[in-house]
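What follows is one structure encoded as structure tokens, with my remarks underneath.
Computed from the coordinates by the stated procedures, all read-outs in this text should not be read as laboratory data. Quantities reported herein were computed from a predicted structural model and do not represent experimental measurements. In this analysis, Cβ positions are derived from the backbone assuming ideal geometry, glycine residues included, and neighbour counts consider all displayed protein chains.
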Amino acid sequence: MFTGIIEELGQVAEIVELGDSVRLALRGPTVTSDAHPGDSISVNGVCLTVVNTDDGVFTADVMRETLGRSSLGALALGSPVNLERPTVLGGRLGGHLVQGHVDGVGRLLARTSSANWDLVAISLPAELARYVVEKGSITVDGVSLTVVSVGATASASA
């Protein structure tokens with residue numbers, strides 16, 4: 001489980017095609033500081049299992065289904081990624097409970113910034129719209145957001 005509070009902006013260091021999957025090497029010295037093979041790390045909101053760590057870089061295998069249902073399919077060498085380690089039971093829980101199981105890809109329609117927050121309008125696949133509720137939470141690229149309104153012009157705040 002994650003909170004949607006991003007710990008670090010990482011970077012794609014390598015992408016290796018494996019046929020029905022890819023192996024991503026991701027640079028993230030903070031999230032790898034205590035990571036071991038088998039641990040989970042959220043990458044743009046997707047829960048990935050650490051295969052290996054080496055000098056601030058971790059690798060994870062990602063199947064085609066995950067690449068197609070998340071923003072990970074659009075990553076290229078050098079792409080920035082939002083990284084978060086799983087929450088620790090017994091610790092503080094900021095943000096929202098986030099599983100890291102991505103249901104679909106939305107599209108940023110608009111972003112309005114103010115001094116203290118941003119308001120973003122995001123379109124999402126019609127089959128997912130019924131699961132989004134006003135004042136509920138949604139995670140976009142791993143960032144926990146509160147839904148301000150839902151409808152033809154839905155928006156969320158960060």
Mean separation of Cα contacts under 8 Å (6+ apart) over length of the range 6-75, as relative contact order %:
29
How high is the relative contact order of the chain, in percent, counting Cα pairs under 8 Å that sit 6 or more residues apart?
25
Applying the gyration tensor rule to the Cα atoms of the range 88-158 (axes a ≥ b ≥ c; rounded if a/c under 1.5, else prolate if a/b exceeds b/c, else oblate), the class is oblate
Taking a label point 7 Å from the Cα of residue 74 along Cα-to-Cβ, the residues of the range 28-59 whose backbone nitrogen sits under 18 Å from it are 43-47
Using alpha-carbon pairs under 8 Å, 6+ residues apart, how would you state the relative contact order of the range 49-118 in percent?
24
Applying a 10 Å radius around every beta-carbon, put 20-28, 86-94 in order of their mean neighbour count, most first.
20-28, 86-94
The alpha-carbon pair-distance distribution computed for the chain, with 5 angstrom bins and whole-percent values, is 2, 9, 17, 21, 19, 15, 10, 5, 1, 0
Can you tell me how the range 69-125 classifies by the Cα gyration tensor, rounded, prolate or oblate, using a/c under 1.5 as the rounded cut?
oblate
Beta carbons within 10 angstrom, averaged per residue: use that to sort the peptides 2-15, 115-128, highest first.
2-15, 115-128
Taking H placed 1.01 Å from N in the peptide plane, check which residues at least 5 places from residue 148 or on another chain put their amide H under 5 Å from its amide H.
135, 155, 156, 157
